[in-house]
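Just so it is clear, none of the values below were taken in a lab; they were calculated from the coordinates. Quick caveat, the model's predicted, so the values are computed rather than measured. When we count neighbours, we look across all protein chains shown, and the Cβ atoms used for this are built from the backbone with ideal geometry, even at glycine.
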Amino acid sequence: MKIDVYDSFATSNQGRLMHFDVFVESGTSAQQALAYGQQWLLSIGESSAGLKQSHCNFCHSEAANPEVAHHIKNHGYFILQMEGCPAPY
């Protein structure tokens, strides 16, 4: 599966910066990638308002590894947590 990567930054409820990537199937709109990022923030107890379209930008496309592809098929997206994020699920 080919995926698009959206480099994303959000502000947590405590005011710290969270950096994460939203992985979606190639061809998914930027608006949908943003919505997935906001959905993930809500799922970890953060405000979806912490992520704005201007902070969720297309970065590149790549081939997904099997684990990521499986998660995207089942959930529509995959989040790669980086700086300032809670422990990965």
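So Gln31 clears everything in (1) in contact (Cβ under 8 Å) with a residue 40 or more places away in the chain; (2) surrounded by fewer than 11 Cβ atoms within 10 Å (Cβ to Cβ) except one condition, right? Which one?
(1)
Mind counting the residues in the stretch 11-25 that are closer than 17 Å to Ala49 by Cβ and not small (Gly, Ala, Ser)?
Going through the stretch 11-25 one residue at a time, the tally reaches 8.
His60 fails exactly one of the following numbered conditions: (1) part of a strand (DSSP E or B); (2) surrounded by 20 or more Cβ atoms within 10 Å (Cβ to Cβ); (3) out of contact with any Phe, Trp or Tyr (no Cβ under 9 Å at 6 or more places or on another chain); (4) not hydroxyl-bearing (Ser, Thr, Tyr). What is the number of that condition?
(2)
Do we have any residue at all in the stretch 65-75 that's in contact (Cβ under 8 Å) with a residue 12 or more places away in the chain and touching a helix residue (DSSP H, G or I) at 6+ places or on another chain (Cβ under 7 Å)?
The answer is no, given that none of the residues of the stretch 65-75 is in contact (Cβ under 8 Å) with a residue 12 or more places away in the chain and touching a helix residue (DSSP H, G or I) at 6+ places or on another chain (Cβ under 7 Å).
Looking only at the stretch 35-49, which residues are in contact (Cβ under 8 Å) with a residue 24 or more places away in the chain and either touching a helix residue (DSSP H, G or I) at 6+ places or on another chain (Cβ under 6 Å) or exposed (fewer than 15 other Cβ atoms within 10 Å of the Cβ) (or both)?
If the condition is that a residue be in contact (Cβ under 8 Å) with a residue 24 or more places away in the chain and either touching a helix residue (DSSP H, G or I) at 6+ places or on another chain (Cβ under 6 Å) or exposed (fewer than 15 other Cβ atoms within 10 Å of the Cβ) (or both), then Leu41, Ile44, Gly45, Ser47 are the ones that fit.
In the stretch 7-19, which residues are touching a residue at least 40 places away in the same chain (Cβ under 8 Å) and surrounded by fewer than 23 Cβ atoms within 10 Å (Cβ to Cβ)?
Asp7, Phe9, Ser12, Arg16, Leu17, Met18, His19
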